[in-house]
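Engineer: Below is a structure I'd like to ask you about.
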Amino acid sequence: MLSTNNVSLCRCSTCKGYLNPYVTYSASSQNWLCSLCGSLNYLDRPWSGADTLQTLSYTYEVPAGPEFVPKPPPTPIYAFLFDLSPGESNQHFIAAACEVLKNFAEDGTFPQSECRVAVLSYSSAVQVFCLKNSLQQPSMISIPNDFDELPLPLDEIVCDFEEGKANFISLMESLPKVIDASKQPATHCLDLALKQILHIFKCAGGKLLVFRGSHHIEQKKQEDKVMPKMNRLLGVMDISYRVVGFELAGMKVVTCDLFVASNDYEVVLLAS
């Protein structure tokens with residue numbers, strides 16, 4: 001979350017691109033070279049903390065000011081969806097993701113008083129976690145594959161981050177241990193999990209973060225030519241994913257970040 005303190009974000013005067021980690025800049029001269037169009041820009045004020053954060057962060061969010069909203073917006077929801085399918089590479093990937101999120105929770109990177117969280121996972125079934133501080137540890141409910149509604153009231157699944165912080169950290173520590181690294185990937189319920197996510201975001205906007213193993217992703221076949229290895233395309237395996245994508249896009253202020261691990265865990269791909 002980027003706090004600008006009423007200072008306008010630094011943008012290129014030519015193409016309106018934002019300051020980012022790929023620009024060339026000098027904090028002493030206040031000049032910076034746009035990474036998109038190559039234009040030289042001059043910052044007519046001293047470098048601020050927000051400017052520095054822009055040059056370090058590949059993605060960030062900016063709170064909308066009162067001039068952008070007619071009424072106070074509802075508290076945003078951060079929903080996390082983890083692929084717990086069996087497999088050693090997926091176990092390492094999920095463990096790395098959980099470690100990062102655990103560190104964010106512990107060092108205060110999350111806007112703790114300003115967001116709500118929900119955690120779901122899937123493999124051959126979908127699991128929903130309850131993080132309320134009235135529980136001594138996170139509780140889990142498995143959703144039958146033919147069940148199309150939330151298994152609990154929404155306020156049982158979505159909780160204020162400050163309230164469920166301890167259970168969130170505990171869950172990030174234990175979640176990778178659920179994955180059986182010795183087994184082969186089986187059928188998965190990503191489509192059902194995404195439908196559950198749609199129910200969650202009906203009450204408020206926010207961000208969905210999906211951490212997904214690559215074992216169920218198919219390469220899109222190119223019949224007329226062979227694509228270079230670095231330019232191979234990934235195709236949608238089922239039309240239901242397109243439908244869910246359109247529904248998410250139609251909701252108010254819902255963004256989705258998709259983190260995908262390669263089979264050999266050499267590269268992590270990020271799509272938004």
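Engineer: When you scan the range 212-232, do you find a residue that is aliphatic (A, V, I, L, M), surrounded by 13 or more Cβ atoms within 10 Å (Cβ to Cβ) and modelled with pLDDT of 70 or more, even just one? Working first, answer last.
Structural biologist: Restricting attention to the range 212-232, the residues satisfying the condition of being aliphatic (A, V, I, L, M) are 217, 226-227, 230.
Still in the list and also surrounded by 13 or more Cβ atoms within 10 Å (Cβ to Cβ): 217.
Okay, now just the ones that are also modelled with pLDDT of 70 or more, so none.
No, there is no match, as no residue in the range 212-232 is aliphatic (A, V, I, L, M), surrounded by 13 or more Cβ atoms within 10 Å (Cβ to Cβ) and modelled with pLDDT of 70 or more.
Conditions tested, residue by residue: (1) of a type in the set (D, E); (2) modelled with pLDDT of 75 or more.
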| site | (1), (2) |
| --- | --- |
| T24 | no, yes |
| G38 | no, yes |
| D51 | yes, no |
| L56 | no, yes |
| F68 | no, no |
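Engineer: Also, quick follow-up: Of all residues being polar (S, T, N, Q) and outside any loop (DSSP other than H, G, I, E, B) in the range 131-147, which is most open to solvent (accessible area, probe 1.4 Å)? Just the residue, please. Steps first, please.
Structural biologist: Step one: of the range 131-147, the residues polar (S, T, N, Q) are 133-134, 136-137, 139, 142, 145.
Narrowing further to those that are outside any loop (DSSP other than H, G, I, E, B): 139, 142.
Working: S139: 46, S142: 67 Å².
Among residues in the range 131-147 that are polar (S, T, N, Q) and outside any loop (DSSP other than H, G, I, E, B), the one most open to solvent (accessible area, probe 1.4 Å) is S142.
Engineer: Let me ask something else. May I ask you to say which residue of S113, S124 is modelled with pLDDT under 85, assigned to a loop (DSSP other than H, G, I, E, B) and of a type in the set (G, A, S)?
Structural biologist: Going through S113, S124 in turn, the sole match is S124.
Engineer: Being closer than 17 Å to L194 by Cβ and surrounded by 21 or more Cβ atoms within 10 Å (Cβ to Cβ): is that true of A125 here?
Structural biologist: Values: closer than 17 Å to L194 by Cβ: yes; surrounded by 21 or more Cβ atoms within 10 Å (Cβ to Cβ): no.
Taking the combined requirement at face value, the residue does not satisfy it.
Engineer: In addition: Among the listed residues L171, L198, which satisfies the condition of being modelled with pLDDT under 85, assigned to a helix (DSSP H, G or I), touching a helix residue (DSSP H, G or I) at 6+ places or on another chain (Cβ under 9 Å) and open to solvent by less than 50 Å² (accessible area, probe 1.4 Å)? Full working, then the answer.
Structural biologist: Working: L171 fails: modelled with pLDDT under 85.
Within the list L171, L198, the selection yields L198.
Engineer: Let me ask you something else. For the range 69-98, what are the residues that are part of a helix (DSSP H, G or I) and over 25 Å from I141 (Cβ atoms)?
Structural biologist: Passing the criteria: E88, S89, H92, A96.
The values are calculated or read from the model by the stated rules, or taken from the named source; none is laboratory data. A quick note: this is a predicted structure, and the numbers were derived from the prediction, not measured. No Cβ is skipped: glycine too gets one built from the backbone with ideal geometry, and neighbour counts run over all protein chains shown. Surface areas here come from the heavy atoms of the whole protein model, side chains and all, with no ligands, DNA or RNA. Shrake-Rupley method; radii C 1.70, N 1.55, O 1.52, S 1.80 Å.
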